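Novice: Before anything else, here's the structure in question.
The values are calculated or read from the model by the stated rules, or taken from the named source; none is laboratory data. Please read these numbers as outputs of a predicted model, since none were measured by experiment. FYI the Cβ positions are ideal-geometry reconstructions off the backbone, even for glycines, and counts take in every protein chain you see. Ligands, DNA and RNA are stripped out before the accessible areas are found, and what is left, the full protein with its side chains, is counted by its heavy atoms. Shrake-Rupley method; radii C 1.70, N 1.55, O 1.52, S 1.80 Å.
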Amino acid sequence: MIVVSEEQSSAMRAHGERDYPYECCGLMLGRFEDDRKNVLETYPISNAREEQAKQNRFLIRPEELMHGEKYARGKGLDVVGFYHSHPDDVAVPSQYDLEHAWPTYSYIVVAVEKGSATDLRSWEMESDRSRFKEEEIEVSS
Ligand SMILES: [Zn+2]
C-alpha cells in the first residue's frame, strides 16, 4: 500500500496538466514503513526524452535521480517511487514502463485527458518482473 497526501496527489496531477501534451515525470520521496510507503514530498523532474518521443516514454536521467536522492537524504527521506503522466491514455503502465522499472518502488501513473488530470493509479512490479500489479492508494489529509 502507498499513502499519499491530498497535497502530493494534487501536485502530481498539476504537473501532468502543466506538461500536457507531453509526459511529466518525477520522484516520490518519503519513507518505507513495514509493508507500506509513505509519500511526504514530490520532486518534479523534466522529461529527458527528445521532443517527438516525449509523448509516450518517460525517462529520468541518472544525474537527475542522483540529485533527487541527495535532496531526499538531506531531508532524511528515501526515494519510494516514481510518477509520470499518460497524456490522453489510461493510468496503466505501458510495456516500455515495465521494461524500465525496478522492483520495490511504486509507480504512479496519472492519466491526463485533453489537458485535465483524471485517473491516478499506483503500480508495483511483480518480483519476477513479468508485470505490474496495482497497489492500493490511501489518501491522507
Ligand atoms: Zn508510462
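Novice: Give, rounded to the nearest 20 debye, the magnitude of the charge dipole that the chain has about its Cα centre when Lys and Arg contribute +1 at Cβ and Asp and Glu contribute -1 at Cβ.
Specialist: Roughly 360 debye, rounded to the nearest 20.
Novice: In addition: Which length gain, in nm to one decimal place, applies between ASP119 and ARG73 when the Cα-Cα distance is subtracted from 0.36 nm times their residue separation?
Specialist: 13.5 nm
Novice: Can you give the angle from 0 to 90° between the axis of helix 6-19 and the longest principal axis of the chain, with both taken from C-alpha atoms, to the nearest 10?
Specialist: Helix 6-19 sits roughly 30 degrees off the main axis of the chain.
Novice: Separate question: How far apart, in nm, are two points set 7 Å out from the Cα along the Cα-to-Cβ line at GLU138 and at ASP35?
Specialist: 1.2
Novice: Using just the helices of the chain, give the 222 nm mean residue ellipticity in deg cm²/dmol: DSSP H runs with n ≥ 4 each add -39,500 (n - 2.57), and the total is spread over all residues, rounded to 500.
Specialist: The per-residue figure over the chain is -7000 deg cm²/dmol.
Novice: Quantify, in whole percent, the carbon and sulfur part of the accessible surface of the chain (1.4 Å probe; protein heavy atoms only).
Specialist: Within the chain, the accessible surface is 46 percent carbon and sulfur.
Novice: Further, regarding this structure: With a 1.4 Å probe and all protein chains left in place, how much accessible area per residue does the chain have, in Å²? Spell out each step's value before the answer.
Specialist: Details: 7550 Å² over 141 residues.
Per residue, the chain has 54 Å² of solvent-accessible surface.
Novice: Leaving ligands and nucleic acids out of the surface, order TYR107, TYR22, TYR96 by accessible area at 1.4 Å, largest first.
Specialist: TYR22, TYR96, TYR107
Novice: Continuing with this model, one more query. Determine one quarter of the surface area of the Cα convex hull of the chain, which equals its mean projected area, and express it in nm² to one decimal.
Specialist: The directionally averaged projection comes out at 7.9 nm².
Novice: Spelling out what I want: for every residue of region 123-136, take phi, set θ = phi - 60°, compute 6.51 cos²θ - 1.76 cosθ + 1.60 (Karplus), and round to whole Hz; glycine and proline get x.
Specialist: Taking θ as phi minus 60°, the curve returns 9, 9, 7, 4, 5, 8, 6, 6, 6, 8, 10, 6, 10, 5 Hz for region 123-136.
Novice: Moving on. Under 17 Å from a point 7 Å along the Cα-to-Cβ line of GLU99: which residues of region 115-136 have their amide N that close?
Specialist: 129-132
Novice: 5 Å is the cut-off here: which amide hydrogens, built 1.01 Å from N in the peptide plane, fall below it relative to GLU113, excluding neighbours closer than 5 in sequence?
Specialist: ASP88, THR118
Novice: Among TRP102, ILE137, SER116, which residue has its Cα furthest toward the positive end of the charge dipole of region 17-141, with +1 on Lys/Arg Cβ and -1 on Asp/Glu Cβ?
Specialist: Ranked along the dipole, the leading option is TRP102.
Novice: Would you work out which of ALA11, VAL90, LEU65 lies farthest towards the positive end of the dipole of the chain? Charges go on Cβ: Lys and Arg +1, Asp and Glu -1.
Specialist: Result: LEU65.
Novice: Then there is this: Can you tell me how region 96-137 classifies by the Cα gyration tensor, rounded, prolate or oblate, using a/c under 1.5 as the rounded cut?
Specialist: Verdict is prolate for region 96-137.
Novice: Roughly speaking, what is the stretch gain from ASP89 to SER46, that is 0.36 nm per residue apart minus the C-alpha to C-alpha distance, in nm to one decimal?
Specialist: 13.5 nm
Novice: Out of residues 5 or more away from SER85 or on other chains, whose amide H comes under 5 Å of its own, with H placed 1.01 Å from N in the peptide plane?
Specialist: Sorted by chain and number, the residues that satisfy this are CYS24, VAL110.
Novice: Can I ask one more? For a quick check: with amide H placed at 1.01 Å from N, whose amide H comes under 5 Å from LEU59's, ignoring anything fewer than 5 positions away on the same chain?
Specialist: The list, which skips near neighbours in sequence, is ALA48, ARG49.
Novice: Then there's this: Output the 0 to 90 degree angle, nearest 10, between the alpha-carbon long axis of helix 62-74 and the longest principal axis computed from the alpha carbons of the chain.
Specialist: In the chain, helix 62-74 runs at an angle near 30 degrees to the longest axis.
Novice: Sticking with this one: In sequence order, what are the phi-derived ³J(HN,Hα) couplings for region 90-97 according to the Karplus relation 6.51 cos²θ - 1.76 cosθ + 1.60 with θ = phi - 60°, rounded to whole Hz, with x for glycine and proline?
Specialist: 6, 7, 10, x, 8, 4, 4, 4
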